[in-house]
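Remarks on the structure that follows.
The values are calculated or read from the model by the stated rules, or taken from the named source; none is laboratory data. The shown structure was predicted, so the numbers you read here are calculated from the model rather than taken from an experiment. Here Cβ is always computed from backbone atoms with ideal geometry, including for glycine, and neighbour counts include all displayed protein chains.
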Amino acid sequence: MTTLAELNAARDAAAAKMKQTDDGQPITRVVVGLATCGIAAGAKPVLEAFEQAAQAAGLSSVRVYQTGCIGMCQFEPIAEITVPGQEKVTYVNMTAGRAKEVVEKHLAGGQVIEEYTVGAVTK
Amino acid sequence: MAVKPLADTEFYKKQTRLALRNCGVIDPESIEEYFAVDGYQALAKALTQLTPEQVIQIMKDSGLRGRGGGGFPTGLKWSFTAANAADQKYVVCNADEGDPGAFMDRSVLEGDPHAIVEAMAICGYCTGATAGYIYVRAEYPIAVKRLEIAIDAAKKHQLLGKNIFGSGFDFELYIRLGAGAFVCGEETALMTSIEGNRGEPRPRPPYPAVKGLFGKPTTENNVETFANVPQIILHGAEPFAAMGTEKSKGSKVFALGGNINNTGLVEIPMGTRLREIIEEIGGGIPNGRKFKAVQTGGPSGGCIPTEHLDIEIDYDNLSAIGCMIGSGGMIVMDDSKCMVDIARFFLDFTVDESCGKCSPCRIGTKRMLEILDKIIAGNGTLEDVDKLEELAYHVKENSLCGLGQTAPNPVLATLRFFRHEYIAHVTEHKCPAGVCKALLSYNIDPEKCIGCTLCARVCPTGAINGTVKQPHVIDHDKCIKCGACETACKKVHAVYKA
Ligand SMILES: Cc1cc2nc3c(=O)[nH]c(=O)nc-3n(C[C@H](O)[C@H](O)[C@H](O)COP(=O)(O)O)c2cc1C
Ligand code: SF4
Ligand code: SF4
């Protein structure tokens, strides 16, 4: 890339790719904190569990990504879920088992599991 | 019931994320996701629309000051390197992060590595440097891996290399690993280490802007300093300069830890009151204990006591009370902590980390530690306290590099705000917080003791005498002050420290 126009095109394409699948479905974005703090707390199995459970449930518009430190290291592993058109939900103290549950109840069933969210553990 | 969003929690409400804007948001191993959040737009703007002088002027106008500890104005630093003509100049990123307990820079590198790549290229453009080095401690393997991925991706997209954005500007970036010696975070030692030599400081001047890496003019900045650069260039100096206090602009990241309910990474606008960080963002002190002090600046900094809780955090307010922002470690201490013991903890660290090149630091800090040990053992005198203070100033004024010049700060700050604790150690032979073992004794309150024998059964030295249902007594000659009896008596609370 050698021009600003190319960079702008790359930005717009990347932004679109974060929002929509190739076949035009709005993406549900799951990000798992995979900085040192998250990995130390066991975030890698959580990320894998999200991927596997979403696939098993046939949720083709769910995309699971790693991200850096969200800041609340004491509540790692943390996973944040953005369903299109809805407020982002922050799940804390995640485990592979909880990830599977979140996929089934929240992503497939539309029911946020409130007791796993950040609001349940802190003011 | 509505689910509370992260942004509405006490922990987040007062935070402003500039340096950490992409951490926890994008995938750090994807250059596309960085593109999606305006990645490399600042570099494109600098290279295609701004002259080097204009870039430096924006940096000056923003008021950004170095986040690595010293707080030197970044734009000014860049202008010094720019002013020195040379066949080769360098940009260096200090990612050594040696303060115990600090992890701000690690989080930026792990969460937003492209921001550092982009910022260093911008710095190279306006200072006339065509190569950069990132000096990362080898204990940060994830940061190193993500930096490598970022540099590779940037090269593939021609955002590093030759003739970037067709501007004629070339820039290459290299990673160097440090072995984690604290002194290697000092800028001259760091550059000596990159050159392949033993990481020892050298006298300044000459400053790096004149004679830096490989003897060439060099700009050296901290990770968090660089992390702020792309948005300043992209959005102009004003939004950044509008935040903070008169002389400290923007926001600062702190690693909040110690005796506090919410630990983690917090980024707050400069000028936020310390009380807001402790009581609101941090959620106060756990276990029903009281706030005693907060240590900022790690082994180079000092402690801030209760009477200064309303201080507005910025470079100058903190140095006015003998403390410093430092790189951003913030350790909260409750009333169970002994400040003499805390001073000893940090001094012990610097004694270990002193490179030994100059004698005020090598010998002076060692002598200071010996005096502290004497005080903690209960053998100190008032003269020792005075001698400690005198020596502290001597080390501060005569050491070659910042390590020695700041090593006495934890001692001086505790002497300033908690002198009465030192005095109690040497005159009454008491540790008011009940930490220094030599100065405390375990006792059993005969009024409370129900003679259950629990304490006698756990005592490893058989120091506790007494018969069932009769008050027990501790033989102080045999007691090794392990505290086991106090724990065993946790229901009746008959055992107490004095
Ligand atoms: C003993 C010692 C250790 C230091 N360690 C670090 C460090 O780990 N990271 C850092 O950025 N600066 C560290 N510094 C400060 C650097 O020497 C330098 O001032 C700073 O990196 C400049 O960047 P800035 O202007 O962006 O803050 C240290 C200084 C001393 C004296
Ligand atoms: S002050 Fe300490 S660390 Fe710095 S050069 Fe002297 S001995 Fe080495
Ligand atoms: S502090 Fe330890 S050694 Fe002393 S009396 Fe209690 S249990 Fe025994």
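Given the conditions (1) over 17 Å from the mean Cα position of the chain (by Cα); (2) assigned to a helix (DSSP H, G or I); (3) more than 12 Å from chain B (Cβ to nearest Cβ), which single one is not true for residue A:12?
Failed condition: (3).
Only one of these is away from ligand 3 (no atom under 16 Å from the Cβ), on the phi < 0 side of the Ramachandran plot and more than 12 Å from every other protein chain (Cβ to nearest Cβ): B:143, B:115, B:131, B:153. Name it.
B:131
Sort out which residues of segment B:185-224 are within 22 Å of residue B:146 (Cα to Cα) and either surrounded by fewer than 24 Cβ atoms within 10 Å (Cβ to Cβ) or not β-branched (Val, Ile, Thr) (or both), and write them in order of number.
B:185, B:190, B:194, B:220, B:221, B:222, B:224
Considering each residue of segment A:64-80, count those that are surrounded by fewer than 23 Cβ atoms within 10 Å (Cβ to Cβ) and in contact (Cβ under 8 Å) with a residue 40 or more places away in the chain, and give that number.
Summing the residues that are surrounded by fewer than 23 Cβ atoms within 10 Å (Cβ to Cβ) and in contact (Cβ under 8 Å) with a residue 40 or more places away in the chain in segment A:64-80 gives 1.
So which residues in segment A:2-22 are among the aliphatic types (A, V, I, L, M) and within 16 Å of residue B:42 (Cβ to Cβ)?
Within segment A:2-22, A:4, A:7, A:10 qualify.
Could we say that residue B:91 is closer than 21 Å to residue B:184 by Cα, more than 14 Å from chain A (Cβ to nearest Cβ) and surrounded by 24 or more Cβ atoms within 10 Å (Cβ to Cβ) here?
yes
Which residue, of B:332, B:395, is within 11 Å of ligand 2 (Cβ to nearest atom), crowded, with 16+ Cβ neighbours inside 10 Å and hydrophobic (A, V, I, L, M, F, W, C)?
Exactly one residue qualifies, and that residue is B:395.
If we only count strands (runs of 3 or more DSSP E) wholly inside segment B:210-277, which ones have 3 or more residues that are of a type in the set (A, V, I, L, M, F, W, C) and out of contact with any His (no Cβ under 8 Å at 6 or more places or on another chain)?
Counting at least 3 such residues, we get B:251-258, B:264-269.
I'd like the full set of residues that are in contact with a strand residue (DSSP E or B) (Cβ under 6 Å, 6 or more places away or on another chain), part of a loop (DSSP other than H, G, I, E, B) and closer than 13 Å to residue B:121 by Cβ, limited to segment B:157-181.
Selection gives B:160 alone.
Okay, residues lined up against (1) of a type in the set (Asp, Glu); (2) touching a Pro at 6+ places or on another chain (Cβ under 7 Å); (3) at pLDDT 95 or above:
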| site | (1), (2), (3) |
| --- | --- |
| B:204 | no, no, no |
| B:209 | no, yes, yes |
| B:225 | no, no, yes |
| B:236 | no, no, yes |
| B:239 | no, no, yes |
| B:276 | yes, no, yes |
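Go through (1) polar (S, T, N, Q); (2) within 14 Å of chain A (Cβ to nearest Cβ); (3) under 19 Å from residue B:314 (Cα atoms) for residue B:263 and report which single condition fails.
If we test residue B:263 against (1) polar (S, T, N, Q); (2) within 14 Å of chain A (Cβ to nearest Cβ); (3) under 19 Å from residue B:314 (Cα atoms), just (3) comes out false.
Any residue at all in segment B:369-380 that's under 16 Å from residue B:258 (Cα atoms), in contact with a helix residue (DSSP H, G or I) (Cβ under 8 Å, 6 or more places away or on another chain), away from ligand 2 (no atom under 16 Å from the Cβ) and acidic (Asp, Glu)?
No, segment B:369-380 contains no residue that is under 16 Å from residue B:258 (Cα atoms), in contact with a helix residue (DSSP H, G or I) (Cβ under 8 Å, 6 or more places away or on another chain), away from ligand 2 (no atom under 16 Å from the Cβ) and acidic (Asp, Glu).
Among the residues of segment B:341-359, write down those that are small (Gly, Ala, Ser), under 18 Å from the mean Cα position of the chain (by Cα) and away from ligand 1 (no atom under 16 Å from the Cβ).
Matches in segment B:341-359: B:343 only.
Kindly evaluate residue B:288 against the criterion of being within 14 Å of chain A (Cβ to nearest Cβ) and at pLDDT below 95.
It is false that residue B:288 is within 14 Å of chain A (Cβ to nearest Cβ) and at pLDDT below 95.
Restricting to segment B:1-50, what's the tally of residues that are of a type in the set (A, V, I, L, M), assigned to a helix (DSSP H, G or I) and facing another protein chain (nearest Cβ under 8 Å)?
Residues in segment B:1-50 being of a type in the set (A, V, I, L, M), assigned to a helix (DSSP H, G or I) and facing another protein chain (nearest Cβ under 8 Å): 3 in total.
So, of the residues in segment B:370-386 that are free of Cβ contacts under 8 Å to residues at least 40 places away in the same chain and surrounded by fewer than 19 Cβ atoms within 10 Å (Cβ to Cβ), which turns out to be nearest to residue B:192 (Cα to Cα)?
Checked segment B:370-386; the qualifying residue nearest to residue B:192 (Cα to Cα) is B:370.
Give me the residue from segment A:89-112 that is assigned to a loop (DSSP other than H, G, I, E, B) and closer than 18 Å to residue A:59 by Cα and, out of that set, farthest from the other protein chains (Cβ to nearest Cβ).
A:109
Quick test of your reading of the structure: residue B:69 fulfils all but one of (1) within 12 Å of ligand 1 (Cβ to nearest atom); (2) surrounded by 24 or more Cβ atoms within 10 Å (Cβ to Cβ); (3) of a type outside the set (Asp, Glu); (4) at positive phi. Name the failing condition by number.
Looking at each condition in turn, residue B:69 falls short on (2).
Give, as residue ranges, the helices (runs of 4 or more DSSP H) completely inside segment B:383-498 that count at least 2 residues that are within 21 Å of residue B:365 (Cβ to Cβ) and within 16 Å of ligand 1 (Cβ to nearest atom).
Per the criteria, B:402-406, B:409-417.
Any residue in segment A:17-45 that's over 14 Å from residue A:91 (Cβ atoms) and away from every other protein chain (no Cβ under 12 Å): show its pairings with residues that are assigned to a helix (DSSP H, G or I) and of a type in the set (D, E, K, R) at Cβ separation under 8 Å, as long as the two are six or more apart or on different chains.
Close Cβ pairs satisfying both conditions: A:26/A:19; A:27/A:19.
Out of B:213, B:177, B:274, B:190, I need the residue that is in contact (Cβ under 8 Å) with a residue 12 or more places away in the chain, away from ligand 1 (no atom under 16 Å from the Cβ) and either within 25 Å of residue B:34 (Cα to Cα) or not β-branched (Val, Ile, Thr) (or both). Which one?
Among B:213, B:177, B:274, B:190, only B:274 is in contact (Cβ under 8 Å) with a residue 12 or more places away in the chain, away from ligand 1 (no atom under 16 Å from the Cβ) and either within 25 Å of residue B:34 (Cα to Cα) or not β-branched (Val, Ile, Thr) (or both).
If you scan segment A:62-90, which residues turn out to be over 27 Å from residue B:257 (Cα atoms), polar (S, T, N, Q) and modelled with pLDDT under 95?
Hit for segment A:62-90 is A:86, nothing else.
In segment B:101-155, which residue that is part of a loop (DSSP other than H, G, I, E, B) and touching a residue at least 60 places away in the same chain (Cβ under 8 Å) is nearest to residue A:37 (Cα to Cα)?
Here the residue is B:103.
Which condition does residue B:337 not pass, out of (1) basic (Lys, Arg); (2) part of a loop (DSSP other than H, G, I, E, B); (3) away from ligand 2 (no atom under 16 Å from the Cβ); (4) touching a Leu at 6+ places or on another chain (Cβ under 9 Å), if it passes all the others?
Every listed condition holds for residue B:337 apart from (4).
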